[in-house]
Amino acid sequence: VSSLQRLGVARPVQAETGAGGEPVRVDGRGVEAVRGRWIVEEGWWTDRPVQRRYLELLLDGGRLEVVYEDLRGGGWYVQPGA
Amino acid sequence: MSGYAELHAHSCFSFLDGASTPEELVAAARGLGLDALALTDHDNLCGALVFAQAAHEAGLRPITGVEVTAADGHGEIHLTLLAESAVGYANLCRLLTRSHALGGRTTPCATLELVAEHAEGLMCLSGCPRHGALAAAPDRTVALQRGRLLRDAFGCDRLRVEITRPFWREDRLRVRRLVELARDLGLPLVATNDAHVHHRRRGALQDALVAIRLGLPLEACEPKRRGNREHVLKGPAEMAALFDDLPEAVRETLAVADRCRFDLTQDLGYRYPSAGDEVAHADLTVLCRTQLEHRYRGQPTWAEAERRLAEELDLIRYHRLSGFFLLHHEILEMARGIAVEVRGAHSARMALPPGRGRGSSVGSIVCYLTGLSHVDPVAARLSLGRFLNRELAAVPDIDLDFPRDIRERLIVAVHDRYGYGNSALIGAFATYRARGAIRELGKVLGLPAPDIDRLARASDGFHAAEVGEEIRHLEGLAERAGDRRWQALAYLSAEIAGLPRHLSQHSGGMIVSTGPLDELVPLVPAAMEGRQLCQWDKDSCSDAGFLKIDLLGLGMLSAVEECVDLVARARGETLDLSRIPLDDPGVYAEIQDADTVGVFQIESRAQMQMLLRTRPSCLDDLTVEVALVRPGPIQGGAVHPYIERRTAQREDPDYDPPYDHPLLAGPLEDTLGVIVFQDQVLDVAMALAGFSAGQAEGLRRAMSRRRSREALASHWEAFRDGAAARGVPARIAEDVFEKILAFSAFGFPKSHAAAFGLLAYQSAWLHRAYPAEFLCALLNAQPMGFYPPASLIRDAERRDVAVRGVDVNRSDAACTVEDGGRAVRVGIGYVKGVGTEEAEALVAARTSGGLFRGIGDLARRTELATDRLEQLVRSGACDALGPRRELEWRLGLVTRPQSVRGGRQLTLAMELGDTPRLGRLSEWDELVADYETTGLSVRAHPLRLLRPGLAARGFVTVADLPVLESGTPILLAGLTVARQRPGSAKGVVFLLVEDEHGLVNLVLYPAVYERHRLLARTEPLLEVHGTLERRDRNLNIIVERLLPLGQPGRPVIVPRQPERVPDARELPLAAGAEGDVRRLRAAAPGAHHFARGRH
């Protein structure tokens, strides 16, 4: 675990998405279930607006992971400690 | 595919928590294919009727509801309540009335018990995710407790567990808990989306509104906002997908919607007082017949009057409005009683009626005979027009004007007479305009306060939609216009424009009902004690068919009343304004010369220019004059033809004006072939296209409310066909209809213009005959009219009235007349920072203990705080007690009586030591101090003091202008008095500026205005470069360039008195000429600023 991750800084992940646009594999691990979905659209008045789709995933092997899709810049990220 | 009904939606009437209008929600719901839509604003039904009507028009089923706030000791609870039946609606209104009485005017809050008491006829959903009774319960025990209480009140069939998925992280847990609670309580689930916007693009505004409501920057209120844009109105497919695990909750929305059959547009069940009461009709008939004998017997108009009365009484009976007229008569009688108390039994004002009618009612003989109007409609040839006709679609309007003091008392008296349950003031919605939008949005966006202030001051004052344009034009901001926050400000200002901010009070409308009013509309306490208002504005009240009484306060009526009183006191003359000659040539000479500063209605810049050209010479002309300078006639293209024809008629008395069609000769005869009055729109439609009175009224209503283009198009078809049937060529029919549309409803009815024209004449007459008393009355009735007090004073001085400054030994609290009508003394109330009560206490101390002998004496004998005394000294009110500098110095040494327990401890008179030798203030410094402390000066005009420096640089004065040729280049200095940017003037801006000799109008064409926007809008002292333009008798300066007077490098010499003793203490005040002008700039009274719509 890098020090950045300990500080809660998001890390890009490889996500393979299925029909609904939700990940079926994250960094090679299969997604067993989606436990929660939420959306954050904030800071639209600033130079760094945030628009993210979060998912709480149950991965193969029983591990929970919060990932989000950056709806502005694109790409999937893992949000450690979330 | 299954359907969906949205049962929980907020509009902008949730006030700062909902960013779309009911109309926008309806249109979006229609587009999404919703089966029904409930409007559930927070604690009010302000938008309910607008919503119901819009939904009907769009073919969508509306459900009337509310999200009510309550409390139970565990925190704030929100419940979604929907009206199933008329009983439920009445309960909703009563519940909201009670919750406002309980929680407060702006913080309504019911209890769960109170909600339970009002459960009958209502469907209850358990509420939103953040505050819902179940969703937000602190624990399961409280949730079950609340659930059982509500289930006892509403029963299982009228209570639902509301579930939402706003895409928050806690959704999963919350929904799971709610599903369990529903199972345990044996209640069905129902899905809602708690919509706050009709479209995702409004999401940003919703965020900003919440920040405004919380008074926090956007950055600081993230947890309280919704965090995303999922609170948008969603359609059936999206909701079905969102709740694919709970399809029964989506299906249940349709079952609930199906139960809520109450229709606000049909089921309100309001009745006028005494509607259809034969006794009331007999009473009204007797009242009118008696007055008819009294006023018309033996007159040449007798037969006509009798015929009109019979016709009107017939119509009144047909529409069952006798009680309505009697009620107004009764209110006027109450006003008469109040007038005796307010004016005093022996006051000169006793000869005046307690109020007078305005609006279309002035055309009614019944109104004239019952005292509701003071214009004889037979003699003035006023038509009944739209006021009463066979096809009347709504209750007619009777507007009554009262002097302010009488009106205040009358409103309370009406509450007392008809009961608090049966009467209320009509509400109004304060809506966002540019200035407020910039200030409030700028704050939550965290933009620099000085920039926001500058932008707000430079804004047009009215159009929030154009803020982006403003930013791009403002110096220092233009380069930042691309910054994200400034862009956000521009975008949000355009979105917020016109949205309501809060419920306030209509200027004077009241509604009265025979049954309990709080079953028809929620009533809330008004800001002023002893009054309550309803949650509907005048349009909703009118659409509901409520009986409205308009009790309007009119500043000029107050002023005229006081003037009559002042004349009696100063000169011992008793005036009866109803008997003054209405053809005084001296009065008309002044009117024709536009010598009308302070005169009712015809004092504005635009009116003055018109007067010079149309030269009114009788009351009928004034009636036209008052109506002509209005957006309707201006946009309808009536003004220039009228002026031309008026000129032609003056030159050739046999002149016949042209008419668009011979059929229009009748309706437009009095106005030389153009449409000036609103009722002429009806007359024209009837004459040219054969419209019935009801049809014509329908056309007028369609125009006045800016209904859809389709509604107007259907009127056009009827108009075209009707005109064709009368042999009117299609081209002419089209042309006339275009003029009618352009006129729209923005004009006065003739009857209203006649009432205002008469008041204009009466005020012009007083202005000429009693200029001192007139000025004094105007100063005491401020704020009113077009000109600031300083300009009114200079006008009176031109009429040889001596105006004297505030003096603690001579002034009353209000302004007074001195020397038998030759002088006016400014009142102590004009000193900023000194309250009316303090001023009155000072006068009382003087009356009981004699004149103040010095500043120490004044300080000891009044209760005034030191800062008030200092302000009095600075204003010159104590000049008779010594030089200002010296007084200020002494004030610091004066021993004051101290408040001690059990009374006041007296102080021994103490001799003050010698005052050091302090220099006197210069004339200029005194003038600036006058402006700073009272907003006016009775000393020299600032331009007179600046003149020596200006004359040397070739400036001309207003007095020089009449002898100069048109086209002469002009360099002029002036103080801005008024600014206007009329919508009908195609971007041309007018500035009225004043120097020591008088007023002159500046014209800024769009290109020039674009270059000088900020100066034109904010600068009080201007250096004007331009060209003189002479048109008929009008003088204008066409501006080429504007500069602030006294800019660095263009010094203005402020004169110094040669005898002045140089003194170190004086230096900060006299820091050089530029500094001096800057001080005046800051102190000069704000010029009236009229944007579109005002003329």
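Things to note:
- Kyte-Doolittle at least -1.0, axis length at least 27 Å by Cα - qualifying DSSP helices, chain B: B:322-343, B:750-769
- Share, in percent, of DSSP beta bridges within chain B that are antiparallel, nearest 5: 65 percent
- Overall form of the range B:593-658 per C-alpha gyration tensor (a/c, 1.5; a/b vs b/c): oblate
- Cα gyration tensor shape for the range B:183-283, rounded if a/c is under 1.5, else prolate or oblate: oblate
- Length released on extending from B:Glu573 to B:Asp139, taking residue separation times 0.36 nm less the Cα-Cα span: 148.3 nm
- Shape category assigned to the range B:311-425 from the gyration tensor of Cα positions, a/c cut at 1.5: oblate
- Once you reduce the range B:55-74 and the range B:617-635 to the center of their Cα atoms, the two points are 46 Å from each other.
- Mean ellipticity per residue at 222 nm, deg cm²/dmol - from DSSP H runs of n ≥ 4 across chain B, formula -39500 (n - 2.57): -13500 deg cm²/dmol
- Percentage relative contact order, chain B, counting C-alpha pairs under 8 Å, at least six apart: 8 percent
- Integer Hz, Karplus 6.51/-1.76/1.60 couplings in order for the range B:1025-1040, x for Gly and Pro: 10, x, 10, 6, 10, 10, 10, 6, 9, 8, 10, 10, 10, 7, 7, 9
- Close amide-amide hydrogen proximity is noted between B:Arg1041 and B:His1025, each under 5 Å apart and 5 or more residues distant or on a separate chain (H modeled in the peptide plane; Pro and chain starts excluded).
- The residues B:His640, B:His328, B:His10, when put in order of fewest to most other Cβ atoms within 10 Å, stand as B:His640, B:His328, B:His10.
- Qualifying trypsin sites (Lys or Arg not before Pro) in the range A:9-82, DSSP loop, other Cβ atoms within 10 Å at most 13: A:Arg72
- Under DSSP loop assignment and at most 10 Cβ neighbours within 10 Å, longest GluC sites (Glu not before Pro)-free interval of chain B: B:1-474
- Shown in residue order for the range B:593-603 are the 3J(HN,Hα) couplings computed by the Karplus curve 6.51 cos²θ - 1.76 cosθ + 1.60 at θ = phi - 60°: 8, 6, 8, 10, 4, x, 7, 4, 6, 9, 9 Hz (x for Gly and Pro).
- Panel order for B:Cys109, B:Cys12, B:Cys124, by other beta carbons found within 10 Å of each beta carbon, from fewest to most: B:Cys109, B:Cys124, B:Cys12.
- For chain A, calculated [θ]222 nm from helices alone, where every DSSP H run of n ≥ 4 adds -39500 (n - 2.57): -500 deg cm²/dmol
- For the range B:935-1006 versus the range B:88-117, the gap between their alpha-carbon centres in whole angstrom: 58 Å
- Exposure proxy ranking, count of Cβ atoms within 10 Å, fewest first, for B:Lys443, B:Lys224: B:Lys224, B:Lys443
- The DSSP beta bridges internal to the protein assembly as shown are antiparallel in roughly 75% of cases.
- For the pair B:Gln649 and B:Ala1007, the difference between a 0.36 nm per residue extended length and the Cα-Cα distance amounts to 125.2 nm.
- Phi-based couplings in Hz for the range B:1004-1013 (Karplus 6.51, -1.76, 1.60; Gly and Pro marked x): 10, 6, x, 5, 5, 4, 4, 6, 10, 3
- Cross-link partners for B:Lys234 among the lysines, with Cα-Cα distance under 27 Å and sequence neighbours closer than 8 places in the same chain left out: B:Lys224.
Bear in mind these aren't lab numbers, they're just calculated from the coordinates by the rules spelled out. The shown structure was predicted, so the numbers you read here are calculated from the model rather than taken from an experiment. Here Cβ is always computed from backbone atoms with ideal geometry, including for glycine, and neighbour counts include all displayed protein chains.
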